[in-house]
Structures are given as structure tokens and as C-alpha cells.
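K.L.:
The structure follows.
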Amino acid sequence: MGISIRAYGRHRGVSDTAVRKAIAAGRITAEADGTIDAARADADWTASTRTPDERLSATGRLARARAATGTGASDVAAGAPTSTPGGGNTYAQARTANEVLKAQHHKLRIAQLKGELIDRSQAMAQVFALARAERDAWLNWPARISSMLAAELNIDPHVMHVALERGVRQHLAELGDFNARLD
């Protein structure tokens with residue numbers, strides 16, 4: 001007869017949940033009555049648990065394997081999906097992706113505060129207002145200039161006005177066919 005799971009957890013300096021997980025994973029074995037033989041469990045625990053140096057070297061191997069396959073933090077930053085062999089993302093990968101997104105958000109926010117970025121809807125409204133003002137100025141130009149040109153050329157002011165207005169409208173129609181990409 002051994003000691004209880006909680007007593008073994010206190011003996012090892014871990015929680016009873018950690019002991020239960022070790023039993024479920026097969027790293028240690030419990031007696032038939034559910035108790036634990038401390039000496040045998042300590043040996044099993046030590047043999048099946050990696051030291052921090054082993055975990056670090058395993059992490060180094062993982063990093064080298066990722067470098068060889070071309071997946072890593074730059075892929076996470078680019079939004080490339082990374083996953084474990086079981087199909088899900090690890091906590092570290094999810095955390096890295098979250099930190100990359102937060103850094104990008106802060107970079108954009110700083111650029112906006114510096115005045116390097118502008119709001120797209122405001123820029124569109126400004127461009128539209130400028131284009132409308134330019135169009136209106138051109139549409140009013142024949143009325144202002146036609147009488148002076150008619151006097152210089154000794155022709156009917158109305159004929160001059162109609163000819164200039166037709167030319168300006170044709171020119172504006174050609175300019176209106178231009179499609180600017182805003183994407």
C-alpha cells in the first residue's frame with residue numbers, strides 16, 4: 001500500500017492535478033488500490049520528465065526544423081498558418097501571432113498620430129470636392145471669356161460662347177472617362 005495522490009503531490013512539490021495528469025499520460029503508475037508507491041513513482045517521474053536543458057534543446061531542434069521547412073515568426077507575421085502535427089496551433093504560435101498583430105496596430109497608430117496616415121473617407125471627400133471645384137471652374141470659363149474673345153475676333157459673342165462651351169464639355173467628358181484605382 002502506497003500514499004495518496006495528494007500526499008504524493010506534496011512529496012513531489014506539485015499539485016494533485018499534475019500527479020493525475022502524469023498517471024493519465026502513463027508517466028507514472030498507480031497501485032491497484034489507487035495509491036502510489038513513492039519510490040517507484042519518483043523513478044518513473046524522473047525518467048519520463050525532461051529537464052529544462054532537454055526542453056531547451058528540443059525547442060532548438062524545433063526552431064531548426066522550422067527554419068528548414070521555412071515556417072517561423074516571419075510566416076506568422078505574414079499571416080501564414082502554422083500548426084502542430086496534431087492540426088492545432090500551439091499556445092506559443094498563437095501568442096506570437098497576437099503580439100505581431102499588436103505591434104502592427106501600434107505602428108499604424110503611431111504613424112497616424114504623426115500625421116503620416118490619413119483617413120481614407122476624408123481623403124476621398126477632399127479629392128471629390130477638389131474635382132468638383134475644378135469642373136465648375138471649367139464650366140464657368142466660357143461665359144467669362146467668350147465675349148472678350150468674340151470682340152477680339154469680330155464674331156458673334158453667342159456663337160463664340162456656344163463653341164467654347166461645347167469644347168469645354170467635350171474635354172471634361174474625356175477627362176471623366178478616366179477611372180482612378182483607389183484600392
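The values are calculated or read from the model by the stated rules, or taken from the named source; none is laboratory data. Note that the structure is a prediction, hence the values are computed from the model and not measured. Note that we place each Cβ from the backbone using ideal geometry, even for glycine, and neighbour counts take in every protein chain shown. The protein model used for the area step is the full one, side chains on, heavy atoms only, and it has no ligands, DNA or RNA in it. Shrake-Rupley method; radii C 1.70, N 1.55, O 1.52, S 1.80 Å.
K.L.:
When only residues in region 168-182 that are in contact (Cβ under 8 Å) with a residue 24 or more places away in the chain and not basic (K, R) count, which is least open to solvent (accessible area, probe 1.4 Å)? Steps first, please.
P.N.:
Our first condition is that a residue be in contact (Cβ under 8 Å) with a residue 24 or more places away in the chain; within region 168-182, this holds for 168-169, 171-172, 182.
With not basic (K, R) added as a condition, the list becomes 168, 171-172, 182.
On the way: V168: 12, H171: 89, L172: 37, L182: 88 Å².
Among those that are in contact (Cβ under 8 Å) with a residue 24 or more places away in the chain and not basic (K, R), it is V168.
K.L.:
Looking only at residues that are touching a Pro at 6+ places or on another chain (Cβ under 7 Å) and in contact (Cβ under 8 Å) with a residue 12 or more places away in the chain in region 110-153, which one is most open to solvent (accessible area, probe 1.4 Å)? Please lay out each step first, then the result.
P.N.:
Step one: filter region 110-153 for residues touching a Pro at 6+ places or on another chain (Cβ under 7 Å), giving 146-147, 150.
Narrowing the set further to residues that are in contact (Cβ under 8 Å) with a residue 12 or more places away in the chain leaves 146-147.
On the way: S146: 8, S147: 64 Å².
Filtering region 110-153 for residues that are touching a Pro at 6+ places or on another chain (Cβ under 7 Å) and in contact (Cβ under 8 Å) with a residue 12 or more places away in the chain, the one most open to solvent (accessible area, probe 1.4 Å) comes out as S147.
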